[in-house]
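*Asks:* Mind looking over this structure? Questions follow.
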Amino acid sequence: MTNGGKEEDLPRLLGEIERVADAFAGGRSELDERRVTGTDGAGWVVATVSGSAQLLQVRIDPRAMRDLDHVALSQALLDAIGAARESAAEGLQEILDRLNGGRPQPAQEDDPSTLHLDAILREGGLG
């Protein structure tokens, strides 16, 4: 006699876990291949990041070196990198939504896995 069918559910559950792990790995590969750019408000600086928000390239307009002081140039750099990373985060959200099957997401402050996921991303150099 079985425990209410629970033993029969184990292979199905393991198959589902494997399917989710494969989908997550595919999403991770997609992020690593993705390239996203962002610019500062004036267009002086263009930053390129991977889909996982790793900084890949920064292009500074030569006129910026002449026309901007060090404070304004550093702010332009921060703005461009921030814009690129924001675009990468939107791409990550699209992938997570696809993996989630369209189910509604809990608010970030209500999700107990948020701190854990943030720690994993920081350890991997992604956050």
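The values are calculated or read from the model by the stated rules, or taken from the named source; none is laboratory data. Keep in mind that this is a model prediction, so the values were computed, not measured. All Cβ positions, even for glycine, are placed from backbone atoms using ideal geometry, and neighbour counts span all protein chains on display. Heavy atoms of the whole protein, side chains included, go into the accessibility calculation; ligands, DNA and RNA do not. Shrake-Rupley method; radii C 1.70, N 1.55, O 1.52, S 1.80 Å.
*Asks:* Accessible surface of E8 in the full protein assembly, 1.4 angstrom probe, to the nearest 10 Å²?
*Replies:* Taking all protein chains as shown, E8 has close to 100 Å².
*Asks:* Another one. Give the span of segment 38-98's Cα atoms along each principal axis, as three whole-Å numbers ordered largest to smallest.
*Replies:* Its Cα atoms span 45, 16, 14 Å along the three principal axes.
*Asks:* Not counting ligands, DNA or RNA, and with a 1.4 Å probe, what is D79's accessible surface area in Å² rounded to the nearest 10?
*Replies:* Its heavy atoms expose roughly 70 Å² to the probe.
*Asks:* State, to one decimal in nm, how far the label point of R66 lies from the label point of D97, with both points 7 Å from Cα in the Cβ direction.
*Replies:* Placing both labels 7 Å beyond Cα along the Cβ direction yields 4.4 nm.
*Asks:* Let me ask you something else. Going from most exposed to least, what order do I95, I81 have by accessible area with a 1.4 Å probe?
*Replies:* Values: I95 5, I81 35 Å².
Sorted descending by solvent-accessible area, the residues read I81, I95.
*Asks:* Determine the order of T37, T48 by accessible area, beginning with the largest, at a probe radius of 1.4 Å. Each step should come with its number before you reach the end.
*Replies:* Numbers: T37 80, T48 15 Å².
Descending order: T37, T48.
*Asks:* Just grab the label-to-label distance for E18 and R59, each label 7 Å out from Cα along the Cβ direction, in nm (one decimal).
*Replies:* Distance between label points: 4.6 nm.
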